[in-house]
Each structure stands twice: as structure tokens, then as C-alpha cells.
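Laboratory data are not the source of any read-out in this text; all were calculated from the coordinates shown. For clarity, every value in this text was computed on a predicted model and none was experimentally measured. Cβ placement follows ideal geometry from the backbone for every residue including glycine, while neighbour counts extend to all protein chains displayed.
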């Protein structure tokens with residue numbers, strides 16, 4: 001046992017039966033994770049779901065081979081030992097932290113899983129003395145090393161050019177509808193709609209702290225309003241825009257950040273320094289919005305720039321004129 005971590009064992013302290021038991025439980029967990037990904041993707045990405053079904057079947061075959069070896073060497077009773085019982089052993093992220101992040105993120109996670117499994121089997125083989133056990137663990141390390149190549153082969157078989165393009169388009173479209181579109185709307189609202197109250201307060205009072213308080217209140221208030229409005233406006237079932245919670249978070253957070261960007265400079269005590277920095281921040285905010293529109297919404301860049309920059313400039317000028325007057 002490790003001092004102070006009494007419920008965990010060092011990997012180097014495990015005997016060969018415990019190493020086999022750990023491998024068996026790890027293969028069971030990984031097969032369940034792959035099946036979970038497959039179910040998550042089946043409706044929108046049926047062919048990618050088949051890839052993960054096939055990978056889960058591979059993990060089942062690994063588990064079967066490990067259990068057979070355990071029965072030959074140690075009998076039918078397999079010790080209960082799992083990843084969390086071994087100090088420093090690789091951990092799997094809970095599936096709910098990954099499955100909602102999109103197809104490409106799931107593929108990245110699977111590649112990392114295979115690398116972790118390969119490293120485990122390589123180390124486990126080095127720690128065993130029995131020839132049959134060492135051979136099986138070495139074979140499984142080679143299998144895991146080849147899984148990424150096999151996954152690529154399966155994707156080529158199940159995701160032909162047209163299918164792959166269709167699934168990638170669907171994934172991109174879902175990302176845009178769920179995250180980019182509401183986030184962009186929030187950023188535009190936060191950046192543009194708060195310009196007038198912030199700069200009107202600044203030029204009316206020449207008090208940076210008061211301006212900061214007004215800007216912060218306007219930004220957070222707008223973020224809360226936009227977030228709840230987006231979440232309540234559409235449950236995503238018919239429109240296909242995805243989870244209302246995700247869209248609400250994207251809209252609310254980006255609205256708040258859009259306003260805070262040019263409110264934070266007023267933490268600086270000198271009025272003209274703070275105002276100059278706030279103006280520079282606004283400039284970059286507006287051009288960022290134009291770039292996002294061009295990158296994700298297919299809006300011609302010059303048209304997006306004209307609309308956003310001109311609109312922002314008019315709102316900015318309105319705030320300055322009202323405050324100065």
C-alpha cells in the first residue's frame with residue numbers, strides 16, 4: 001500500500017493474477033464505453049456507430065481470452081480489482097463528459113484509450129514471468145497498437161467517401177447550430193448592445209469605477225437574459241438545433257464576455273487610458289464577430305465586416321454623444 005493512500009495499490013505490487021483481473025475489468029469497461037458512444041451516435045452517425053460496435057466486439061474478444069487464461073492458471077474466481085484501485089493507473093473520462101462534444105472529440109478520446117491500453121499491456125507483460133501470460137499480454141499490446149489502424153480501416157469500409165463527407169457535414173452543422181450560432185448571437189448582443197450604456201456612462205461621469213460597475217451589470221444582466229431566452233425559445237427537437245441547455249450556456253456566456261471585454265478596461269483609474277484601451281477592445285471584438293460570421297456562417301467577409309463594424313460604430317457613437325451631451 002502507498003502511505004496516505006491506503007485504498008490503492010502500486011502497479012508494481014500486483015501479482016500476476018491481479019494483473020489479469022485488472023486487464024479483464026479494463027476490457028469490460030472499454031467495451032461498455034464503445035457501446036455507449038455507438039448508442040450516442042447511432043441516430044445521427046449510423047456508420048460511425050457501427051465502427052464503435054465493432055471495436056466493442058474486439059474488446060469482448062480480448063476479455064474472453066484473458067478470462068480463459070485466468071481459468072487455466074488460477075481458476076474461476078476472478079479478484080475484484082479495477083483501475084481506480086491502482087495508483088497512477090490511467091483513468092477513463094466519464095462518458096457524459098465526452099459524448100456531448102461531437103464526433104471528432106469522441107474519435108480523439110478513443111485514440112487516447114487505445115494508446116493507454118497498449119502502454120498497460122506492454123508494462124504488464126514486462127512484469128509477468130509465466131510464458132503463456134506474457135505472450136497473451138504482448139499480443140494484446142500489439143492488438144491495441146493496431147486498433148487505431150483497424151479503426152481507420154473500418155471507417156474506410158463503413159464510411160466511404162460520400163458517407164464520411166455526409167457524417168462530417170452533419171457533425172459540423174450540429175456544432176454550428178448548437179454552439180456557434182447562439183454563441184455568435186450572444187457575442188454580437190453583448191459586444192454591441194452594451195456599447196451605448198458603457199460609453200454613455202463613461203463620458204457622462206468621467207468616473208472609471210462607476211463605468212466599470214455599469215458595464216459589469218449590463219454585461220451580466222444581458223448574459224442572463226440571453227441565456228434564458230435562448231434556452232426557452234426552442235427545445236431543439238423539431239429544429240435539430242440540439243440541447244437548449246448548451247445553447248443557453250453558449251449564448252449567455254458569450255453575451256457576458258462580449259460586454260465585459262470593454263468594461264474591464266475601466267478598472268484602470270485614468271479615464272483616457274481606460275477609454276482608449278476599451279476602444280481598442282471594441283475594435284477587435286467587432287472584427288472577431290465578422291470573422292466568425294465568415295468562418296462558420298458562410299457570410300462574405302466584407303459584408304459581415306460592413307454590417308458589424310458599421311453597426312457597432314453607430315452604437316458606439318450614440319453612447320459617446322449622449323454621454324458627452
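Taking other C-beta atoms within 10 Å as the exposure proxy, 76, 116 rank 76, 116 from fewest upward.
Spatially, segment 6-62 and segment 249-275 are offset by 46 Å when compared through their Cα centroids. Put in order of Cβ neighbour count within 10 Å, fewest first, the listed residues 291, 179, 272 become 272, 291, 179.
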